[in-house]
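Visitor: What follows is a single structure, and I will ask about it in a moment.
The values are calculated or read from the model by the stated rules, or taken from the named source; none is laboratory data. Keep in mind that what you see is a predicted model, and the values were worked out from it rather than measured. Counting neighbours? That spans all protein chains shown, and the Cβs are built from the backbone with ideal geometry, glycine included. Calculation scope for accessible area: heavy atoms of the full protein, side chains included, ligands and nucleic acids excluded. Shrake-Rupley method; radii C 1.70, N 1.55, O 1.52, S 1.80 Å.
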Amino acid sequence: MSRIMTRSKIMFDPLAPEPELIHIADIAHALSMLCRANGHFHSFHSVGQHSIHCMKEARARGYSRRLQLACLLHDASEAYLSDVTRPVKQVLPAYLEIEGPLQDAIWLKYLGTPLTAEENRQVFQIDDDMGLFTLLAAQTCHTHGSTHRIQVGVLVAHDENLAALADQLHQ
């Protein structure tokens, strides 16, 4: 067994996830503390913030509450495994073998069923779109020889916010 202690003091085994031990407060807290892109931003931007942005984008696109919740939880496995950048994750088959069943357990607990292929495509299209938007917003853009800084208001994602949104969408 390889258990970790969550913020709520639950001993959780990410290699053998038990849905009844998965708690949204633990997910929300951990994701609010994890910095995206291994910290390569000008200021802290959490996985929790990214998740909230994805959920709000799904809402803006008119997606169902189920898809909004799926967007909010699409990185939830990282609460137990940590965030690994996409290029590295793709060459770590053991990580993917662990992440898949854990994320499936989270989908099952909060959505009732795993995502369909179409739902999965929609969720991860938003994930990609929001990742690109965040990167562009956080970096300096060069246009016609001049430099412009894109100003974007970044939401502050405290663990209570993500947990409250998940509870609202789960009802």
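Visitor: Does region 83-111 hold any residues that are open to solvent by less than 70 Å² (accessible area, probe 1.4 Å), assigned to a loop (DSSP other than H, G, I, E, B) and among the polar types (S, T, N, Q), and which are they?
Guide: The answer is 85, and nothing else.
Visitor: While we're looking at this one, here's another question. Could we say that residue 16 is assigned to a helix (DSSP H, G or I) and of a type outside the set (D, E, K, R) here?
Guide: Judged against the criteria, residue 16 is not a match.
Visitor: Out of the residues in region 59-82 meeting the condition of being open to solvent by 30 Å² or more (accessible area, probe 1.4 Å) and not hydroxyl-bearing (Ser, Thr, Tyr), tell me which one is farthest from residue 46 (Cα to Cα).
Guide: Ranking the candidates gives 62 first.
Visitor: With the checklist (1) modelled with pLDDT of 95 or more; (2) part of a loop (DSSP other than H, G, I, E, B) in hand, flag the one item residue 42 doesn't pass.
Guide: Of the numbered conditions (1) modelled with pLDDT of 95 or more; (2) part of a loop (DSSP other than H, G, I, E, B), the odd one out for residue 42 is (1).
Visitor: Still on this structure, I have one more. Restricting the search to region 9-45, which residues are in contact (Cβ under 8 Å) with a residue 40 or more places away in the chain, farther than 18 Å from residue 106 by Cβ and among the small types (Gly, Ala, Ser)?
Guide: 37, 43
Visitor: Here is a follow-up. Among 54, 35, which is the only one that is touching a His at 6+ places or on another chain (Cβ under 7 Å) and open to solvent by less than 10 Å² (accessible area, probe 1.4 Å)?
Guide: Result: 54 is the single residue among 54, 35 that is touching a His at 6+ places or on another chain (Cβ under 7 Å) and open to solvent by less than 10 Å² (accessible area, probe 1.4 Å).
Visitor: All but one of (1) touching a strand residue (DSSP E or B) at 6+ places or on another chain (Cβ under 8 Å); (2) hydrophobic (A, V, I, L, M, F, W, C); (3) closer than 23 Å to residue 132 by Cβ hold for residue 52, so report the exception by its number.
Guide: So residue 52 meets the others, but not (1).
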